[in-house]
Amino acid sequence: MQSPSPAPRAALKRSLVAALLSLAALTPAAAQNGGPSSGSDNRTTGAPAPDPRVGLRAGLHDAAEATWNMRILSKTRPPERFATSTNSDLAFSGKYAIQGNYNGFQVWDISNPRSPTLAKEYFCPASQSDVSVYKNLLFVSGEAGSGRLDCGGQGVPEPVSRERLRGLRIFDISDINNPRYLGNVQTCRGSHTHTVLADPRDPQNVYVYISGSAGVRSPEELPGCVSDTPDRNPNSALFRIEVIRVPLANPERAAIVSSPRIFTGLTAPQRHGETPEDIAANAQMVAAAKARGAFTAMVQGIERALPPRMTAPMLDSIVKARGGTGTPTGADSAALRAGIQNIVNQMIGEQAGAGPRPGPTQCHDITVYPAVGLAGGACEGYGLLLDIRNPANPVRLTAVADSNFSYWHSATFNNDATKVLFSDEWGGGGQAKCRATDPRGWGADAIFTVNARREMQFQSYYKLPAPQTAQENCVAHNGSLIPIPGRDVMVQSWYQGGVSVFDWTDARKPVEIAFFDRGPVDSTRMGSGGTWSAYWYNGVIVSSEISRGLDIMELTPSALLSQNEIDAAKTVRVDYLNPQGQPKIVWPASFALARAYADQLERSRGLTAARLGTIRQALTTAERAPAARRRTALTTLAGQISGYAAGSSDAAKVRMLAGAVRDLASGRQGQ
């Protein structure tokens, strides 16, 4: 999402384009206990109809809510200094959730998810303040021109200043109640987001990939920054990312070690226009703007009404330039009207001339998966697959574009990296793009398979199935895998569309299996709110709510997800989590894991009810038996299950069940 104010030039470009392009009932699922005998239940597998998310009452803290197959554990409001500023992304370390905010970051103790407590609020304004952790280190992005080295809130009014911070801050959080600011790494375009890469072959360092979408700062402020395009100056700060190496023994010596040009050869892909409804609405807005003497300009081939918050400072500048004061005159307005189109062209990067427009100059998010040596780059008009085996020099393997996508925002791999999901932040996160009239393929997730040659092949889209109002910003945003064994399940934020949990095991048929939603913040206008990020962390789902604070929820069993599957997911524990750095999920051997596979075989009818009944009874008996008898019984059972695979319509899952029982017998780690 975009910085509300003040915005650096290129961040302003995105928000400007986004702005111009469009200028209850609680329904809890009946709880059902799973159990060792069966994880399935008798409820329908379909979503509730009518969808309870439609028509929810508006309100900031008293909006109506709808839930399906999940339970809200806590809703915690932000502290006073952060209450009127936008909450952003999350990172996790131990029992703490670290929540970014345009005013800094907050540290929440979530050891009791029903009652989180604020451990630390750290005031340090710097745009969205994306956060990541690695052991005792905390990394925080800074991009806005108002960010200060000293974390002061007074901003930096001078166009060139040594007080400005645009880049990456590094903190020591050995004592998380008292973060110690170690230093920073300044970059030419700031850091809109960043990604921490812990290379398993380089334990002495971590690497940080910087994605900065702001304009290039002056070389007078940071030597070496070049705003010319690469064809004019090979040292251009455009069309590249920055790689920072952080020596773990001396993190204060972190520095940029490379600036890979991973976009070389890409040209701007085809873009979709607006919906007929939006085209008609825009035409009315332009006509009304002209009738009252407001300014308009062509933006990406369409005439748009320019908001007063954009043109008023320009008029003030014209007044000052002629040495005047007070209200702009008609001559001032005429001067601006004559030059406004060129100004807009420069702000949004439109360039006259022949030939194809250039491709992406930056990524929004890069998700690294060190265990497989791959990264997914969501980079403006493209989705990239990167080879990161040499962490300082990532190499582009392939790139995909889609005319249905407006802005490639983030990427998520499934656990075996045979699929990758990209999200489209159509409208920049500030617009209502989940209305009933919006195409299902716009502002959605696009799911690709990845073959052995590292080629991506499109399979389907997933979009929030519940239509939202015109007062709710809604588009695909941040999420993570939920470690349900044997399935690809993900939780994702949709801003004021709420939280959606969906299964994309079948890449061609993703299906929603749980949700949580509130009514709009305001029923009369687009208010600031919605979930920015929703991630699974050690058994719960944690959501960063833009205005309402921090939400924590848990999944409840249903016909689509058994208690055993949830229990198996909860056995996966990590010491820390940066959602842009995917860990390889490994399930420890457990009876819940074996039962989860049995439940899935019941759902797929991969084994007969009689055989599943025998298996479940054998698991129950073994669980109650002394260790030696248990080992023998489980070894025998694993052999029996293996024998079932040949005659099963779901042989792969039968073998997974046999393996889980075998691991349980031997005490080995699961798969």
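The values are calculated or read from the model by the stated rules, or taken from the named source; none is laboratory data. Everything numeric in this text was worked out from a predicted model, so none of it was measured. As a convention, Cβ positions derive from the backbone with ideal geometry for all residues, glycine included, and neighbour counts pool all protein chains shown. Please note that ligands, DNA and RNA were not included when accessible areas were found on the heavy atoms of the full protein model with its side chains. Shrake-Rupley method; radii C 1.70, N 1.55, O 1.52, S 1.80 Å.
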> Do you know which residues across segment 373-394 are open to solvent by less than 10 Å² (accessible area, probe 1.4 Å) and polar (S, T, N, Q)?
Replying inline: none
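Okay, residues lined up against (1) basic (Lys, Arg); (2) in contact with a Phe, Trp or Tyr (Cβ under 8 Å, 6 or more places away or on another chain); (3) more than 19 Å from Val196 (Cα to Cα):
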{"residue": "Tyr96", "(1), (2), (3)": "no, yes, no"}
{"residue": "Gln99", "(1), (2), (3)": "no, yes, no"}
{"residue": "Ser111", "(1), (2), (3)": "no, no, yes"}
{"residue": "Leu118", "(1), (2), (3)": "no, yes, yes"}
> In segment 435-450, what residues are in a loop (DSSP other than H, G, I, E, B) and of a type in the set (S, T, N, Q)?
Replying inline: Thr437
> Does at least one position in segment 453-463 carry a residue that is basic (Lys, Arg), part of a strand (DSSP E or B), closer than 21 Å to Trp68 by Cα and out of contact with any Ser or Thr (no Cβ under 6 Å at 6 or more places or on another chain)?
Replying inline: no
> Which residue, of Thr361, Thr398, is at pLDDT below 95, more than 20 Å from Pro579 (Cα to Cα) and of a type outside the set (Lys, Arg)?
Replying inline: Thr361
> Failed condition for Leu137, given (1) within 24 Å of Ser258 (Cβ to Cβ); (2) open to solvent by 10 Å² or more (accessible area, probe 1.4 Å); (3) in contact with a helix residue (DSSP H, G or I) (Cβ under 7 Å, 6 or more places away or on another chain); (4) not β-branched (Val, Ile, Thr), with all others met?
Replying inline: (2)
> Which of the residues belonging to segment 572-597 are in contact with a helix residue (DSSP H, G or I) (Cβ under 6 Å, 6 or more places away or on another chain) and surrounded by 18 or more Cβ atoms within 10 Å (Cβ to Cβ)?
Replying inline: Trp587, Ala589, Phe591, Ala592, Leu593, Ala594, Arg595, Ala596, Tyr597
> Residues in segment 140-163 that are open to solvent by 20 Å² or more (accessible area, probe 1.4 Å) and assigned to a strand (DSSP E or B): how many?
Replying inline: 1
>> Out of the residues in segment 404-443 meeting the condition of being over 19 Å from Arg525 (Cα atoms) and β-branched (Val, Ile, Thr), tell me which one is nearest to the chain's Cα centre (by Cα).
In response: Thr412
> How many of the residues in segment 416-430 are among the β-branched types (Val, Ile, Thr) and open to solvent by 10 Å² or more (accessible area, probe 1.4 Å)?
Replying inline: 1
> Where residues in segment 616-671 are at pLDDT below 95 and in a loop (DSSP other than H, G, I, E, B), which of them is most open to solvent (accessible area, probe 1.4 Å)?
Replying inline: Gln671
> Is it the case that segment 547-556 has a residue that's part of a helix (DSSP H, G or I), open to solvent by less than 20 Å² (accessible area, probe 1.4 Å) and either on the phi > 0 side of the Ramachandran plot or touching a strand residue (DSSP E or B) at 6+ places or on another chain (Cβ under 6 Å) (or both)?
Replying inline: no
> Within the set of pairs 6 or more residues apart or between chains, which connect a residue that is at positive phi inside segment 63-82 to a residue that is crowded, with 17+ Cβ neighbours inside 10 Å and in a loop (DSSP other than H, G, I, E, B) with Cβ atoms less than 9 Å apart?
Replying inline: Asn69/Ala29; Asn69/Thr556; Asn69/Pro557; Asn69/Ser558; Asn69/Leu560; Asn69/Leu561
>> Return the residues of segment 97-118 that are over 19 Å from the mean Cα position of the chain (by Cα), under 19 Å from Glu554 (Cα atoms) and either open to solvent by 20 Å² or more (accessible area, probe 1.4 Å) or not aromatic (Phe, Trp, Tyr) (or both); say none if nothing qualifies.
In response: Asp109, Ile110, Ser111, Asn112, Pro113, Arg114, Ser115, Pro116, Thr117
> Here is a list of conditions, (1) touching a Lys or Arg at 6+ places or on another chain (Cβ under 8 Å); (2) farther than 26 Å from Tyr369 by Cα; (3) surrounded by 20 or more Cβ atoms within 10 Å (Cβ to Cβ), and Phe413 meets all of them except one; can you say which number that is?
Replying inline: (2)
>> Condition (residue is surrounded by fewer than 21 Cβ atoms within 10 Å (Cβ to Cβ), in contact with a helix residue (DSSP H, G or I) (Cβ under 9 Å, 6 or more places away or on another chain) and closer than 21 Å to Ser528 by Cβ) applied to segment 431-438: is it met by at least one residue?
In response: yes
> Where in segment 216-310 are the strands (runs of 3 or more DSSP E), entirely inside, with at least 1 residues that are surrounded by fewer than 17 Cβ atoms within 10 Å (Cβ to Cβ) and within 29 Å of the chain's Cα centre (by Cα)?
Replying inline: 242-247, 255-258
>> Tell me yes or no: at least one residue of segment 290-300 is closer than 22 Å to Ser213 by Cβ and among the basic types (Lys, Arg).
In response: no
> Do any strands (runs of 3 or more DSSP E) lying entirely in segment 479-530 carry at least 2 residues that are under 12 Å from Tyr462 (Cα atoms), and which ones are they?
Replying inline: 489-493, 499-503, 511-518
> Quick check: is even one residue across segment 173-186 open to solvent by 30 Å² or more (accessible area, probe 1.4 Å) and over 23 Å from Leu248 (Cα atoms)?
Replying inline: no
